[in-house]
Amino acid sequence: MLRCLPLLVLALVGNVFAAGNDGGNSQCARWCADNFHPSGRDCTSLAAKGQGPCFACGPRSHNPNQKLCKGECKDVSSDNSNCGKCSNQCEFGEQCKAGICTPFCPVGQNRCGHKCFDFQRDDDNCGRCGNQCKDYEKCQGGICKSRCEHGKTQCGHRCFNLQSDQNNCGRCGKQCKDDQKCQWGTCKPRCEDGKSQCGNRCFNLQRDAGNCGHCGNKCKENERCDGGRCRPFCPPEKSQCGNRCFNFQIDEANCGKCNNKCKENEECKRGHCVPNCEHGKTSCNNKCVALDWDSSNCGRCSNKCKENEKCRGGSCVPNCEHGKTSCGNKCFDLKYDAQNCGRCGNECDSGKCKNGVCERPCSGKHCDRSTE
């Protein structure tokens, strides 16, 4: 039965083409039978109407780029999976152009052969494919330009600073004499190191008050030339800020350094902005404290009393229970303590203290009634 199948297909195709009255479609019949299995009926039916694969990519096709690949018509000039021929898969980053797998160039790059280049910066393809810059040039904006850094100019194959180069002073090839020096592109008399020529004389432009920073720049009478700038004469205890002098130790607008302004509730002490404390208090760690009573700053900043102590008169003393008073590092009842009667250190001769008063001593059997 299978051996008879091709004959059956040809018979059917013949009938279809006869019905379609298209004499040239016998070629399609054979092509459909050869390429579409187990039968080419659908292919031949469409061919009878002038449609289908035979007309798209078969013998009746007028587009040579259309090929039958695995039962489907593919444009091998642009299909990435069938580039140039069936099953020729382009790699990642490539696309099929004119039947050849070529790199897919990102925006801003152009294809030269099988690679992508930035025409704006590529030294071997500057502005166009194959336009190679010379060794002393680089590609900038698609044009081969000198590789010289900012401030230098190309003379021949090298770069020079025309403002200071002895052999290329002001222009390429302009050579200064042995007793001259190239300054600002002009050959001038050679001054010793650290000095520059102004007219026919040499001056230190960093310190000369008549030529401060540049020739002819004269400082005022109350100014000096420092680092090429006119600055005021400041006394030793003051420093310059702009055109004025300030004492960084106490100036609230320039405390410790220029323009370091203290807040409204602060003052400048020893170059630091500290709280402006009321009378009887001192600034400690940006807070105002009473050194006579503050247990964390007793007598001086950060002097902290122990847990069983308190600050009195700027000293850490024992924190005595009610009814007792600190004398030295101990607590005493000043009403009855004979060593501290009424006040610290008041010792009673009689050895007796009552209500803070020393009792008078007795002599034999005769005692003052006040001691009874």
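The values are calculated or read from the model by the stated rules, or taken from the named source; none is laboratory data. Fair warning: this is a prediction, and the values are worked out from it, not measured in the lab. Neighbour counts are summed over all protein chains in view; Cβ atoms, including those assigned to glycine, are modelled from backbone coordinates with ideal geometry.
For the range 115-169, name all the residues that are polar (S, T, N, Q), surrounded by fewer than 18 Cβ atoms within 10 Å (Cβ to Cβ) and farther than 27 Å from C182 by Cβ.
Q120, N131, Q132, Q140
Could you list, in sequence order, all residues of the range 110-142 that are outside any strand (DSSP E or B) and within 20 Å of A98 (Cα to Cα)? Break it down into steps so the answer makes sense when it comes.
Step one: filter the range 110-142 for residues outside any strand (DSSP E or B), giving 113-114, 118-136, 141-142.
Passing the criteria: G113, H114, C129.
Any idea which of (1) surrounded by 17 or more Cβ atoms within 10 Å (Cβ to Cβ); (2) closer than 30 Å to N319 by Cα is the one C241 doesn't satisfy?
The one condition C241 does not meet is (2).
Of the numbered conditions (1) closer than 30 Å to K67 by Cα; (2) not in a strand (DSSP E or B), C96 satisfies every one except a single condition; which is it?
So C96 meets the others, but not (2).
Are any residues in the range 75-110 more than 30 Å from G58 (Cβ to Cβ) and among the small types (G, A, S), and if so, which ones?
G93, G108
List the helices (runs of 4 or more DSSP H) that sit entirely inside the range 1-76 and contain at least 3 residues that are modelled with pLDDT of 50 or more.
Values: elements: 5-20, 26-35, 41-48, 53-56.
Once the helices (runs of 4 or more DSSP H) in the range 1-76 are filtered for at least 3 residues that are modelled with pLDDT of 50 or more, what remains is 26-35, 41-48, 53-56.
I'm checking my understanding of the structure. Among residues of the range 92-114 that are within 39 Å of the chain's Cα centre (by Cα) and loosely packed, with under 13 Cβ neighbours inside 10 Å, which one is farthest from R147 (Cα to Cα)?
Restricting to residues being within 39 Å of the chain's Cα centre (by Cα) and loosely packed, with under 13 Cβ neighbours inside 10 Å, the top hit is F92.
Identify the residue in the range 171-204 that is closer than 27 Å to C159 by Cβ and among the hydrophobic types (A, V, I, L, M, F, W, C) and, among all such residues, is surrounded by the fewest Cβ atoms within 10 Å (Cβ to Cβ).
The extreme case among them is W184.
Spot the failing condition for G242; the list is (1) on the phi < 0 side of the Ramachandran plot; (2) within 33 Å of the chain's Cα centre (by Cα), and only one is missed.
Result: G242 passes all but (1).
When the range 312-353 is examined, which residues are found to be loosely packed, with under 15 Cβ neighbours inside 10 Å, part of a strand (DSSP E or B) and modelled with pLDDT of 90 or more?
none
Tally up the residues in the range 247-262 that are touching a Gly at 6+ places or on another chain (Cβ under 8 Å) and buried (at least 17 other Cβ atoms within 10 Å of the Cβ), please.
Of the residues in that region, 2 qualify.
Residues in the range 315-327: is at least one in contact with a helix residue (DSSP H, G or I) (Cβ under 9 Å, 6 or more places away or on another chain) and of a type outside the set (S, T, N, Q)?
Start the filter on the range 315-327 by keeping residues that are in contact with a helix residue (DSSP H, G or I) (Cβ under 9 Å, 6 or more places away or on another chain), which leaves none.
Scanning the range 315-327, I find no residue that is in contact with a helix residue (DSSP H, G or I) (Cβ under 9 Å, 6 or more places away or on another chain) and of a type outside the set (S, T, N, Q), so the answer is no.
Counting just the residues of the range 263-275 that are crowded, with 17+ Cβ neighbours inside 10 Å, touching a strand residue (DSSP E or B) at 6+ places or on another chain (Cβ under 7 Å) and not aliphatic (A, V, I, L, M), which one comes out modelled with the highest pLDDT?
Top of the filtered list is C273.
Among the residues of the range 123-142, is any within 27 Å of G84 (Cβ to Cβ) and either of a type in the set (S, T, Y) or under 32 Å from the mean Cα position of the chain (by Cα) (or both)?
No.
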